[in-house]
1. How big is chain B along each principal axis, measuring the range of its Cα positions in Å and listing the largest first?
2. Considering only B:LEU61, B:LEU77, B:LEU46, give the residue with the highest GNM mean-square fluctuation for chain B, with springs between Cα atoms whenever their separation is below 10 Å.
3. So what are the protein assembly as shown's ellipsoid semi-axes, whole angstrom, largest first, if each one is the square root of 5 times an eigenvalue of the alpha-carbon gyration tensor?
4. Can you tally the lysine pairs in the stretch A:8-113 where the Cα-Cα distance is under 16 Å and the two residues are eight or more apart, or on different chains?
5. Which cross-chain or sequence-distant (5 or more) residues have an amide H under 5 Å from the amide H of B:ALA88, H modelled 1.01 Å from N in plane?
6. Determine the equivalent ellipsoid of chain A by diagonalising the alpha-carbon gyration tensor, then write out the semi-axes as square roots of 5 times the eigenvalues, largest first, rounded to whole Å.
7. Tabulate in residue order the Karplus-calculated ³J(HN,Hα) for the stretch A:101-110, using 6.51 cos²θ - 1.76 cosθ + 1.60 with θ = phi - 60°, rounded to whole Hz; enter x for Gly and Pro.
8. Please report the spacing between the Cα centers of the stretch A:47-113 and the stretch B:28-97 in Å, no decimals.
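We did not get these values from a lab; they are worked out from the coordinates using the rules stated. Keep in mind the model is a prediction, meaning the values are calculated, not measured. Positions of Cβ are generated from backbone atoms using ideal geometry, with glycine treated the same way; all protein chains shown enter the neighbour counts.
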Amino acid sequence: AQTVTQSQPEMSVQEAETVTLSCTYDTSESDYYLFWYKQPPSRQMILVIRQEAYKQQNATENRFSVNFQKAAKSFSLKISDSQLGDAAMYFCASGAGSYQLTFGKGTKLSVIP
Amino acid sequence: DTGVSQDPRHKITKRGQNVTFRCDPISEHNRLYWYRQTLGQGPEFLTYFQNEAQLEKSRLLSDRFSAERPKGSFSTLEIQRTEQGDSAMYLCASKQGTSTDTQYFGPGTRLTVL
């Protein structure tokens, strides 16, 4: 069984600044994957970044990076140089093998011009 | 590039009616997932298919819900005798066969039961 917890229902960031979204998880799987998905208002969910649990190096995709702390079961998302288009719901999710993803409740990110 | 598509995008129905949603996955993806997302929540797993075989169903999938994936291509999700509690966004996702691949989501079907 997997659980994912996002403790920040809402966050805001000034345009061009940096923001970090928190996520903790629990899993009984030894081989698993972690994801951050973005869901803009009335638009479909898209992948932001993914991390394989066996990799020690933190994943990076342009302005998005993660801080993966395996022992602490923590997987935070850092967004640098925030842009207006980053405003959305962000969901942290875990998955293993062919199985379904388990999502957190999401963090609503607002970007202030 | 044809991503995951879902039809209809919106459905309004009266309580007690049956509804059916369709999902067309990315063509080479053999795994297809259905999720339900209610307001203020993350998506919750309903069921998944590998090719035409339905391999897992969540306890959220009551006997009023049925899903099919004939010929391992598109999938349908039917809800019989809809209830107001069925109002939600129904999301479909697909992925390649290997365990390392990412699930790609469709735009969802928003169901409103009056």
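1. For chain B, the Cα spread along each principal axis is 40, 26, 23 Å.
2. Sorting by GNM fluctuation, first place goes to B:LEU61.
3. Values: eigenvalues 176, 86, 49 Å².
Square roots of five times the eigenvalues give 30, 21, 16 Å.
4. Numbers: A:LYS38/A:LYS78; A:LYS38/A:LYS105; A:LYS38/A:LYS108; A:LYS55/A:LYS70; A:LYS55/A:LYS73; A:LYS78/A:LYS108.
Close lysine pairs found across the stretch A:8-113: 6.
5. It is B:LEU111, by chain and number.
6. Working: eigenvalues 111, 42, 28 Å².
With the √(5λ) rule applied to chain A, the semi-axes are 24, 15, 12 Å.
7. Karplus values, whole Hz, x for Gly and Pro: 8, 10, 9, x, 7, x, 10, 8, 9, 10.
8. Cα centroid of the stretch A:47-113 versus Cα centroid of the stretch B:28-97: 24 Å apart.
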